[in-house]
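Engineer: Please read through the structure below; I'll follow up with questions.
The values are calculated or read from the model by the stated rules, or taken from the named source; none is laboratory data. Predicted model, so just to flag it, every value in this text is computed and none were measured. Using ideal geometry, Cβ is built from the backbone for each residue, glycine included, and neighbour counts are taken over all protein chains shown.
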Amino acid sequence: MSCEVSNHCARRPSSHIIGDKGINVLKQLIPESWVVREYSSDYGIDMEVELFSDETQCTLGEHVLFQVKAVRGVTKRVLTFGGLKNVEKYSESTNESYSVEVVQYCLDTKLLATVETMGGAVVILLAVVDVDSNKAYLVCLNDYVEKVVVPQKSDYTKQGHIIVNIPVTNCLDAKGGREIIEWYGKRAKLFAFFNKVNYQSSEIERANPRDKCRLTSHFLEILERLDVWSASRYWAVLDTYQKELSRIKTQTKKLADAKIVNETSEGITFAVGEPDTENHYEVLFRPNMIDLFWRRLNGISHVFEEIGKEYFLPTEFYVGGSK
């Protein structure tokens with residue numbers, strides 16, 4: 001083909017070439033047992049990853065969406081931040097400060113606005129892929145908008161672009177980093193758990209002492225079946241509650257059909273086992289202890305909202321290593 005003719009042919013923009021290379025690099029970093037589905041039209045989502053068990057090769061029912069941005073070399077900076085109080089309730093800074101090394105990327109605010117309208121249940125990870133080093137830097141855009149952008153600039157949509165700061169330790173490469181994706185893969189299960197516990201705790205609060213035992217035993221069996229407890233690998237507080245849940249379920253199950261022998265302001269005494277046998281004993285049941293347990297269980301969602309969402313964000317909760 002002559003030079004004159006080739007000059008009139010359609011050309012593939014270099015941005016498309018590097019963009020495809022970024023997708024390919026990211027796909028190579030995803031574990032082989034997971035399934036990657038690319039999106040043909042770019043409306044803020046480039047690909048979806050479905051997580052599978054390494055041991056059983058069965059789907060975990062966990063999905064994470066990705067917006068992929070490919071670059072040749074990343075820009076790194078060390079940023080110093082003033083400490084913030086809970087951004088859901090306060091906007092002023094504390095006297096504390098901290099530093100974090102970040103990768104920076106300039107992102108269109110239209111994408112951030114779209115993510116904000118989606119809420120926090122369906123996770124969208126921004127992956128800034130360095131095609132020169134074959135590394136990807138990840139940050140959850142849902143949480144970034146909510147916990148970083150809005151508290152600092154609530155009218156961010158009035159500007160065209162905004163700098164997103166990704167901690168350099170949020171790195172997915174051949175050596176590791178998959179736990180970041182695994183943590184966000186649990187998001188939908190966590191939200192479903194929070195909603196279920198909120199409903200159950202309100203029912204327990206209204207129940208009479210006898211029904212508190214029956215409902216608690218029944219409700220906890222339902223909660224034990226949820227796969228949310230697998231997230232304790234990344235959020236240790238769940239392991240503590242799971243052990244307490246199992247103990248409370250065992251106790252209340254024994255009392256659910258036991259005979260009441262006495263009721264006082266202190267509580268209800270149940271008779272367990274057949275009378276005049278070695279297995280017969282009496283148990284003092286304090287309904288307020290059950291109410292306290294359910295309030296604590298319902299409080300897990302508050303802990304997640306105040307701390308859990310910031311694990312991989314450039315905030316003091318991440319830098320402090322409080323995971």
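Residue-by-condition table, conditions (1) modelled with pLDDT under 90; (2) over 17 Å from the mean Cα position of the chain (by Cα); (3) at negative phi:
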{"position": "Ile180", "(1), (2), (3)": "no, no, yes"}
{"position": "Ser201", "(1), (2), (3)": "no, yes, yes"}
{"position": "Arg214", "(1), (2), (3)": "yes, yes, yes"}
{"position": "Glu221", "(1), (2), (3)": "no, yes, yes"}
{"position": "Arg225", "(1), (2), (3)": "no, yes, yes"}
{"position": "Trp229", "(1), (2), (3)": "no, no, yes"}
{"position": "Ile248", "(1), (2), (3)": "yes, yes, yes"}
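Engineer: Ok, one more. Among the residues of the range 170-184, is there at least one that is closer than 13 Å to Glu116 by Cα and aromatic (Phe, Trp, Tyr)? First the steps, then the outcome.
Structural biologist: Of the range 170-184, the ones closer than 13 Å to Glu116 by Cα are none.
No, there is no match, as no residue in the range 170-184 is closer than 13 Å to Glu116 by Cα and aromatic (Phe, Trp, Tyr).
Each row is one residue, and each column tells you yes or no for (1) outside any loop (DSSP other than H, G, I, E, B); (2) modelled with pLDDT of 70 or more; (3) within 21 Å of the chain's Cα centre (by Cα); (4) of a type in the set (Val, Ile, Thr).
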{"position": "His16", "(1), (2), (3), (4)": "yes, no, no, no"}
{"position": "Ser33", "(1), (2), (3), (4)": "no, yes, no, no"}
{"position": "Glu50", "(1), (2), (3), (4)": "yes, yes, yes, no"}
{"position": "Thr56", "(1), (2), (3), (4)": "no, yes, no, yes"}
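Engineer: Quick one: in the range 170-222, of everything that is surrounded by fewer than 15 Cβ atoms within 10 Å (Cβ to Cβ) and of a type in the set (S, T, N, Q), which residue is nearest to Ala127 (Cα to Cα)?
Structural biologist: Filtering the range 170-222 for residues that are surrounded by fewer than 15 Cβ atoms within 10 Å (Cβ to Cβ) and of a type in the set (S, T, N, Q), the one nearest to Ala127 (Cα to Cα) comes out as Asn195.
Engineer: Hey, does the range 103-119 have a residue that's in a loop (DSSP other than H, G, I, E, B) and either farther than 29 Å from Thr59 by Cβ or not assigned by TED's automatic domain parsing to the domain that holds Asp227 (or both)? Steps first, please.
Structural biologist: Taking the range 103-119 as the starting set, the residues that turn out to be in a loop (DSSP other than H, G, I, E, B) are 119.
Now drop any that are not either farther than 29 Å from Thr59 by Cβ or not assigned by TED's automatic domain parsing to the domain that holds Asp227 (or both), which leaves 119.
Yes, there is a match, as at least one residue in the range 103-119 is in a loop (DSSP other than H, G, I, E, B) and either farther than 29 Å from Thr59 by Cβ or not assigned by TED's automatic domain parsing to the domain that holds Asp227 (or both).
Engineer: List pairs: first residue in the range 134-152 and over 14 Å from Ile162 (Cβ atoms), second residue of a type in the set (S, T, N, Q) and surrounded by fewer than 21 Cβ atoms within 10 Å (Cβ to Cβ) anywhere in the structure, Cβ distance under 8 angstrom, at least six positions apart or on different chains.
Structural biologist: Asn134/Gln28
Engineer: Pick from the range 66-92 the residues that are at pLDDT 90 or above and touching a helix residue (DSSP H, G or I) at 6+ places or on another chain (Cβ under 9 Å): which of them is nearest to Tyr184 (Cα to Cα)?
Structural biologist: Filtering first and then ranking leaves Phe66.
Engineer: Those residues that are touching an Asp or Glu at 6+ places or on another chain (Cβ under 6 Å) and part of a strand (DSSP E or B), I need them from the range 122-160; list them, please. Before the answer, list the steps.
Structural biologist: Within the range 122-160, the first condition is being touching an Asp or Glu at 6+ places or on another chain (Cβ under 6 Å), and the residues that meet it are 135, 145, 147.
If the condition is that a residue be touching an Asp or Glu at 6+ places or on another chain (Cβ under 6 Å) and part of a strand (DSSP E or B), then Lys135 is the only one that fits.
Engineer: Check the range 178-192 and report whether any residue there is farther than 24 Å from Phe81 by Cβ and not in a helix (DSSP H, G or I).
Structural biologist: The answer is yes, given that some residue of the range 178-192 is farther than 24 Å from Phe81 by Cβ and not in a helix (DSSP H, G or I).
Engineer: Another question, then. Would you mention how many residues in the range 93-132 are surrounded by 15 or more Cβ atoms within 10 Å (Cβ to Cβ) and modelled with pLDDT under 90?
Structural biologist: Residues that pass the stated criteria total 2.
Engineer: Going through the range 307-323 one residue at a time, which ones are on the phi < 0 side of the Ramachandran plot and at pLDDT below 85? It would help to see each step written out before you state the result.
Structural biologist: From the range 307-323, those on the phi < 0 side of the Ramachandran plot are 307-320, 322-323; that's our starting set.
Scanning the range 307-323 gives Thr315, Glu316, Phe317, Tyr318, Val319, Gly320, Ser322, Lys323.
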